[in-house]
Amino acid sequence: MVLLCSVMNLFMDGYMLIAGTNDIPQTFYSPFVHVFLMGFVFMFIFAVNIRTVYAFLDVGTARTGAINTTFWIINITIPLYFLAHSLSYKFPFLIKISNVTIYLVAFSILLFVYGIRIFEKSTRELDDVVMDRSYSKTIRTAYVWLIIGVLILGAKPLFAPFSEAQYLFHGAANHALTVGFITLMIIGYASKMVPTFKGVGMHSIKLANFSFYLLNIGCFLRVYTQIMIGLSHSENFYYSLIGFSGWIELTAIGIFGYNVWKTMNAEDEDVDEPEERLTEITGDTNIAQAIDHYPEILEVFLEFGFKQLASPAARKTVAKMFTIKQATKIHPVNIDTLLKALNERINK
């Protein structure tokens, strides 16, 4: 999809150069955004979520059937939407096909949310693991905005084709998807990964929470006001709020950027007292810590399929992120068998 989007972007640049205009053709712009968001960005985020969400949020493993159905529906509807929407200006009967693809995409995304168990109760398997989980609300809220975005898209066909109201609803949906879902997802994962890779805590949890609430307020104002412009006649009032919402979002992203920058530049946290040597490896033992204490158990991890640990860089970064219990949720193996093999090796 990245290659396809690159070719489409090159085509648009060539067209604007030859036509001597700075405007992307209206018939082409919306389908291009759809291909880029659904075909590349969403697919990438979904793939990462499938492998990590249930470990990060301590929920059940993904429902494979729902995930696979989502994959096929989205990939089948992408070319259908692109062709139908691009040609609907000349062939109005294609509008119905375009609308059907919108509902299919909305259904597939809601099915994915169900499949990934993002809003289900915790399995409580990791309750005894001491770690900062402030990122979890950001990831879950991102999915709330995803649902809001697809519901707004679902309302789009209720308006007259090519009308101002339909255009505004589409814009509101795009903002909910790009800022509400994509941006919050990036922030949520960065809040988890950067401190872990660096081996320190987040610079400021208060700043992280402040930026989280600001971004949600800004996104809500933008989506709400754009919808209200399409439904009411108080355009001047709502347009002023749209401008204000942009500054709120910009402030939120700036605060987050500062917070994560300070985290990346923090010195490794000093350990006041030397760690006690592990005498037993349990499900709550950190992988990197276990390997540091007993380098010989690396071979056991590799035998059980944890091939990433063969890389020294992965052992210094990714291994710090997970306990053995978490790792066995991402790479399903029998945890009791693994722990038995690890403890037998360290007791030799």
Query - Taking the C-alpha atoms of the stretch 20-61, convex hull volume expressed per residue in Å³ - result: 87 Å³
Report task. Can you tell me the relative contact order of the chain? Whole percent, Cα pairs under 8 Å, sequence separation 6 or more. Result -> 14 percent
Report summary line: If 203, 331 are placed from fewest to most neighbouring beta carbons inside 10 Å, the sequence is 331, 203
Report summary line: Karplus-derived 3J(HN,Hα) from phi for the stretch 254-259 (6.51 cos²θ - 1.76 cosθ + 1.60, θ = phi - 60°), whole Hz, x at Gly and Pro, runs x, 5, 4, x, 4, 5
Report summary line: Expressed in angstrom and ordered largest first, the alpha-carbon extents of the chain along the principal axes are 76, 42, 39
Requested in this report: Quick one: among 123, 328, 70, which has the greatest mean-square fluctuation in a GNM of the chain with alpha-carbon springs under 10 angstrom?
Outcome: 123
Query raised in the report: For the residues 151, 80, what sequence is obtained by ranking on other C-beta atoms within 10 Å, fewest first?
Result: 151, 80
Query raised in the report: Stretch residue 224-residue 163 to full length: gain in nm at 0.36 nm per residue minus the Cα-Cα span?
Result: 20.1 nm
**Report entry** Extension gain (nm, one decimal) between residue 205 and residue 80, 0.36 nm per residue minus Cα-Cα
**Finding:** 40.6 nm
Query raised in the report: Is there a pair in 192/325; 262/320; 137/320; 262/340; 316/340 whose C-alpha atoms are over 29 Å apart, and which pairs would that be?
Result: 262/340
Query raised in the report: Order of 219, 5 from fewest to most other C-beta atoms within 10 Å?
Result: 5, 219
Requested in this report: Name the longest site-free stretch of the chain, where the excluded sites are GluC sites (Glu not before Pro) in a DSSP loop with no more than 12 other beta-carbon atoms within 10 Å.
Outcome: 121-266
Query raised in the report: Efficiency by 1/(1 + (r/R0)^6): what FRET value for residue 103 and residue 134, r their Cβ-Cβ distance, R0 = 30 Å, to the nearest 0.05?
Result: 0.25
Query raised in the report: Which angle between 0 and 90 degrees, to the nearest 10, do you get for helix 43-56 versus the longest principal axis of the chain when only C-alpha atoms count?
Result: 40 degrees
Query - Relative contact order (%) - criterion: Cα under 8 Å, at least six apart; region: the stretch 287-346 - result: 41 percent
Report summary line: For residue 156, counting only lysines whose alpha-carbon sits under 21 Å away and dropping same-chain residues fewer than eight positions off, the answer is 90, 96
**Report entry** the chain, helix-only ellipticity at 222 nm - DSSP H runs n ≥ 4, -39,500 (n - 2.57), divided by all residues, nearest 500
**Finding:** -22000 deg cm²/dmol
Query raised in the report: Viscosity 1.002 mPa s, temperature 20 °C: Stokes-Einstein D of the stretch 133-268 from its Kirkwood Cα radius, in µm² per second?
Result: 136 µm²/s
Requested in this report: May I ask you to derive the FRET efficiency for residue 28 and residue 341 from their Cβ-Cβ distance with R0 = 41 Å, giving the value to the nearest 0.05?
Outcome: 0.10
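The numbers here are math on the coordinates, done by the rules we state, and not lab data. All figures in this text were calculated on a predicted structure; none of them were measured in a lab. Here the Cβ is made from the backbone with ideal geometry for all residues, glycine too, and neighbour counts use every protein chain on show.
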